[in-house]
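See below for the structure under consideration.
The values are calculated or read from the model by the stated rules, or taken from the named source; none is laboratory data. Predicted model only: the values in this text are computed from it and were never measured. With ideal geometry, Cβ positions are generated from the backbone for all residues, glycine too; neighbour counts draw on all protein chains shown. Protein only, heavy atoms only, side chains kept; ligands, DNA and RNA dropped before computing areas. Shrake-Rupley method; radii C 1.70, N 1.55, O 1.52, S 1.80 Å.
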Amino acid sequence: MKPLRLGILGSGKGSNCRVILESIRAGSLPARACVVISDVLDAPILEIAREFAVPNAYLPSGKFKTRLEPAAEVELVRMLHEADVELVVLAGFMRVLKSPMLEAFPRRIINIHPSLLPKFPGLEAWKQALAAGESVTGCTVHYVDEKIDHGDIIAQREVQILPNDSAESLHTRIQIAEHALYPEVIARLCREA
Ligand code: GRF
């Protein structure tokens, strides 16, 4: 099977990126990481890419806080096309994508979110779940559309909320679930491609 060509985008610590790169290295994910791109110059995710010898780049985002400046988003499309990317994997990318990306990669951009969507889109979803008094939350892999943490759901994994959970302890268990779910889902998409 020809490995699916991935472009991974992230703004932060990159733990999901790390498990994806480890799964590729271990042979359990039939993909190739072609490029890792971050809108944060010193984001650990870029360091992880270098550790795995994956081409990587910083993309200056422009003057907006929650999205890319249109010229930056056009540049992002150019970089992903140049790397011949087939599937764009958001791994903690903190910018909402708009039409340049959505039109260039229709149903070819996926994201992981730390709740059972459609519950608790947005920031710190594990804190939202705790505050709402839920007994179960989890994580969701979904296709990306023009709305935040929205789009067709591909897979979910539940995480129980324990009576003495803190925001930190719950977040840690959700991330463990993410690290199992994301490579599994990408492997499934690779097999279906
Ligand atoms: C993950 O918890 C993911 O659900 C959210 O951003 C976080 C990224 O974490 N979209 P990391 O950078 O992969 O450690």
- line: With 0.36 nm assigned to each residue of separation and the Cα-Cα distance removed, residue 103 to residue 167 gains 19.4 nm
field: Restricting region 39-148 to trypsin sites (Lys or Arg not before Pro) in coil, as DSSP defines it, with at most 11 other Cβ within 10 Å
entry: 63, 65, 147
query: Rank 58, 143, 182 by accessible area, highest first, at a 1.4 Å probe radius?
result: 58, 143, 182
message: Please list, in order along region 84-97, the HN-Hα scalar couplings obtained from phi with the Karplus expression 6.51 cos²θ - 1.76 cosθ + 1.60 (θ = phi - 60°), rounded to whole Hz, x for Gly and Pro.
response: 6, 6, 9, 10, 9, 10, 7, 10, x, 8, 8, 10, 6, 8
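If the only charges are +1 at each Lys and Arg Cβ and -1 at each Asp and Glu Cβ, what is the size of the charge dipole of region 123-163 around the Cα centre, to the nearest 20 debye?
The dipole of region 123-163 has a size of about 160 debye.
Return the subset of 2/119; 63/119; 2/98; 2/65; 63/147 for which the Cα-Cα distance in this structure is over 26 Å, preserving the input order.
2/119; 63/119; 2/98; 2/65
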- prompt: For 150, 171, 113, what's the largest-to-smallest order of accessible area, 1.4 Å probe?
  reply: 150, 171, 113
- line: With a 1.4 angstrom probe the carbon and sulfur portion of accessible area for region 28-151, in percent, totals 56 percent
message: Step by step: find N for the chain, compute 2.2 N^0.38 Å, then divide the Cα radius of gyration by it. What's the final number?
response: 0.99
